[in-house]
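Notes follow once the structure below has been shown.
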Amino acid sequence: MASTLPPTDAPVQQKQQSEFQVIREDEYLAPFEAAIKSRNDKYKEWLDVINKSEGGCEQFSRGYESFGLHAQPNGDVRYREWAPNAVSASLTGDFNGWNRDSHPMTKNDFGVWEVVVKASKNGQLAIPHNSKVKISMTIPSGERIERLPAWATRVVQDTKVSPIYEAVFWSPPKSEQYQFKNRKPPTPKSPKVYEAHVGISTPDPKIGTYKEFTANVLPRIKDLGYNTIQLMAIMEHAYYASFGYQITSFFAISSRYGTPEELKELIDTAHGYGLTVLLDVVHSHASNNSADGLNHFDGSDHQYFHGGAKGRHELWDSRLFNYGHHEVLRFLLSNLRFYMEVYNFDGFRFDGVTSMMYTHHGIGTGFSGGYHEYFGPNVDEEALVYLMLANTMLHELYPGSLSIAEDVSGMPALCRTVAEGGIEFDYRLAMAVPDMWIKLLKDGPGDEGWDMGNICFTLTNRRWKEKSIAYAESHDQALVGDKTLAFWLMDKEMYTNMSDLTERTPVIDRGLALHKMIRLITHALGGEGYLNFEGNEFGHPEWLDFPRVGNGESYQYARRQFNLIDDQLLRYKYLYAFDRAMNRLEDKYQWLSSPQAYISLKNESDKVVVFERGNLLWIFNFHPTNSFTDYRVGTDWAGEYEVVLSSDDAEFGGHARVDKSVKHFTTPMEWNGRKNWLQVYLPNRSVQVLRH
C-alpha cells in the first residue's frame, strides 16, 4: 500500500499568520477569527458609506448643526427633522400661537422635513429664546401626533402641571452665553474617577443644582485627589428615580439642575481645577415615552429602534436602538460629538455595553469566561460596529479623549484598537470586584474566613493589555434595598456610635478598619484606574432613595450629607482623610500606571497579603485579632524602608500602633520568591505601605 504521507523533503506549509494582533497574541481567539474579521469588514463598509455619502465621519457626526432648531444670522430659525413615516409636518409653538397650519414643513427624498421661520422686520429672532415648540405630524392612518423635536437642546418640566416635558428653543443672546475660559487638562495617566450625580450632591433635602455643585463639590473632589469626574444623570431623563438611565431627550441636559450655560460653567471650572470630566452616556437604550421621547416618534415602531420584540428591553421597559441604520448612526455619533464640542466634555463612560453587545442583553445569562460566549449568533454585530465607529471617531477627532465601557461579560479585545481586532475602548470597569466585596460582606463567612487567594485573584484577573478601572462598590449598592460597604460593615451602629464622644464598639472599630483596607487593596491591585461613587469615600450612612409615591415624595434620602465630614466630632472625617491620603500617595508613586503587582504572599491562616507595585511594598493584615511582631516579608528591592501610609494612624481613626519613624532594613536572603526580606510589626486589621 502506498504511503499517504508527504515525502520527507517536501516543503512544510506554514500556517498563515492572522492579520489581527489580538489573535496573534491569544491563540484561544483563533477559532473566532471569522467573527472578528466580519465585524471589522462591516466597520470598514460603514466607513466607506459615510465617506462617500457624507464626506467622512467628521462631517457625518455634526448632525446637531443641521438637525433641530438653529438661529440664522439674519434672525430666521431653521428647523430640520428626520421623520420618514410622517405624511405631513409643521412647526408649532408659542411663536405662532400653536397654529398647526402657519408653518408647514417640506419633506425630501430621505424622509427629512424642513422649514425656515422668517425673522420679524426688526431683526429679532423668529422664535424667541426659551419659548416652547413642538413638531405636529399626521401619519398614514390619518392620526395627528405631536412630539418634542428629537434634537432639542432644552426641555423643561413642570411637575405641578404634568410629568411630561416640553421643548423650548434655547438660543440666548451672546451676552448670556457662557464663554469657556480654561484649557482642558492633559489626559490623566491613570484616571482616579469621582462618580457624581448633581441632583443628590447637596446635604439639603432637595434637588441640587449645577451652580451648587460648582461651588461646593468641585473643591472637595480636588481636595480628595481625584483627577476625573464622571457625571451621571446629565442627559434629560423622564423619571428622577431612574438614576438618569431612561433618556427622553438625548441632546438636552437635565433642566432639573439648571441651564445649559450653568453646566458649561461647571465643566469649565472643573478644567480650571485640572479635572477631566466624563459624561455617563446612555446609548444602550431609550425611554419608552412617546409624548416626550423618541418612541414612536414619527408614528412608526421602527424609526430609531428595532421593530417588535427585538426593539424592546423587557427588564428595563425601554426601547433598543437599530445600530444598523444610517440615520440612527448619525444621531448617536452626533450625540457624542455634541457633548464634546458644545459642553467641552473630555470623554464618556458608556452605560449598558453588555446589553448592547448581545442579543440576549445579558438577561438570564452568566458568563463563565469561555470564548464561545463572546462570538456567534448571540452577539449583536451591528452594536459592536457602532461602538467601533464611536471609539475611533472620538480618538481621531479628540486625541486623549477617554472612553470607558460598562461591561460585565468580559468580552475579549474590548479595550484593544480596531486595527488590532478590538472595539477600542480605553478602559473597562472591573465589575467583578464590587460584586466580590458585597458577596463577602453580605453572604460571606465573616472576615476571619475570607479567602486571601480568591480576593487577590479577583482583583488581578484582567485581560492582558486591556486596562481596567477598579472600584470597591457601585452606585447601585447605594440604592434603597441594598447597602454600601460602610452600611454592611456597621449597619445600625452608624446611627449611634459614629461620634468620637460615644463608645468605639467592636462593630465600629471593625467597620472603620475594613472600609479603609478594602478600598486601598482595590486601589492598589484592582486595575489601571480607580473609581469612587460620591459619599462612599467617607462611608456615607443610610441608603439612596429618590422621591416617589412610596416614600411620600421625600428628598430625605436623595442627598449626600457632606456636612458629616465637616463635623469634627464625627468619625466620618477619618475615612475621608484616608481616602485623600490614598489618592495623593498614588499621585506621588503612580502605581495605577505601573505594571501589575507581584504578589509574594497570600497567607490564609495569618490573613496577610504582601505585594510590590509602583515601587512600593504593600503589607495587609486582615486578621481580626492577631497582630504579628517581626513578621518576615519578601521584596526584590534591597535597602532601607520606611512607612509612607498606615491605615492605623490616629488621623485615620486607627490605634496608632505603627511607629512611622522606624526604619526597616533588608537581608539579602530569598524569601517567598523574592531576593530579600525584612521584618515588620503588623497590627491586626491594618495595612502599611513602605517605600525604599
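Laboratory data are not the source of any read-out in this text; all were calculated from the coordinates shown. Because the structure is predicted, anything quoted here is derived from the model rather than measured. Using ideal geometry, Cβ is built from the backbone for each residue, glycine included, and neighbour counts are taken over all protein chains shown.
Values for this structure:
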read-out: Ascending count of other beta-carbon atoms within 10 Å, so fewest first, for HIS285, HIS664; value: HIS664, HIS285
read-out: Helix-only [θ]222 nm of the chain, DSSP H runs n ≥ 4, -39500 (n - 2.57) each, per residue, nearest 500; value: -7000 deg cm²/dmol
read-out: Separation of alpha-carbon centers, segment 207-226 and segment 648-677, rounded to whole Å; value: 36 Å
read-out: In degrees, nearest ten, helix 326-341 long axis to first principal axis of the chain (Cα); value: 60 degrees
read-out: Linear extension gain, TRP543 paired with GLN590, 0.36 nm per residue minus alpha-carbon span; value: 13.6 nm
read-out: Distance between modelled label sites at LYS37 and LYS675, nm, 7 Å Cα→Cβ extension; value: 4.7 nm
read-out: Overall dimensions of segment 63-176 by Cα: Rg and Dmax, Å; value: 14.1, 47
read-out: Paramagnetic reach from ASP443 (point 7 Å along Cα→Cβ, amide N under 19 Å) across segment 348-373; value: 363-369
read-out: Angle between the chain longest axis and helix 260-272 axis [Cα atoms, degrees, rounded to 10]; value: 30 degrees
read-out: Beta bridge orientation in the chain: antiparallel %, DSSP, nearest 5; value: 70 percent
read-out: Antiparallel bridge percentage (DSSP; both residues within segment 134-277; nearest 5); value: 55 percent
read-out: Rounded to whole Hz, the Karplus (6.51, -1.76, 1.60) HN-Hα couplings of segment 641-648, x for glycine and proline; value: 10, 9, 6, 10, 8, 9, 5, 8
read-out: Cβ-based exposure ranking for LYS174, LYS663, in which fewest neighbours within 10 Å come first; value: LYS174, LYS663
read-out: Other-chain or far-sequence residues with amide H under 5 Å of ASN322's (modelled H); value: PHE305, HIS306
read-out: Length released on extending from LYS660 to ARG632, taking residue separation times 0.36 nm less the Cα-Cα span; value: 8.3 nm
read-out: Residue-by-residue Karplus 3J(HN,Hα) for segment 173-178, coefficients 6.51, -1.76, 1.60, Hz, glycine and proline x; value: x, 4, 5, 9, 7, 6
read-out: Amide hydrogen neighbours beyond the local backbone of TRP82, cut-off 5 Å, H modeled; value: TRP113
read-out: Percentage relative contact order, segment 63-176, counting C-alpha pairs under 8 Å, at least six apart; value: 26 percent
read-out: Neighbour-count ranking [beta-carbon atoms within 10 angstrom, fewest first] of PHE457, PHE652; value: PHE457, PHE652
read-out: Residue-wise HN-Hα coupling along segment 215-223, computed from phi with Karplus coefficients 6.51, -1.76, 1.60 (Hz; x: Gly, Pro); value: 7, 10, 9, 3, x, 5, 4, 5, 4
read-out: Which label in (i) 33.2; (ii) 31.5; (iii) 39.8 gives the computed mean projected area of the Cα convex hull in nm²; value: (iii)
read-out: Estimated FRET transfer efficiency (PHE367, SER554; beta-carbon r; R0 41 Å; 0.05); value: 0.60
read-out: Taking segment 598-691 and dividing mean pair separation by its residue count, relative contact order in percent (alpha carbons under 8 Å, at least six apart); value: 36 percent
read-out: Full-extension gain in nm, ALA309 to ASN182, via 0.36 nm per residue minus C-alpha separation; value: 41.0 nm
read-out: Within segment 130-165, backbone nitrogen closer than 15 Å to the virtual label 7 Å beyond the Cα of GLN124 toward Cβ; value: 130-132
read-out: Amide H contacts under 5 Å for HIS283, placed H, 5+ residues apart; value: ASP351
read-out: Net charge of Cβ neighbours under 13 Å - reference TYR371; Lys, Arg +1; Asp, Glu -1; value: -3
read-out: Relative contact order computed over the chain (Cα-Cα under 8 Å; 6+ residues apart), in percent; value: 10 percent
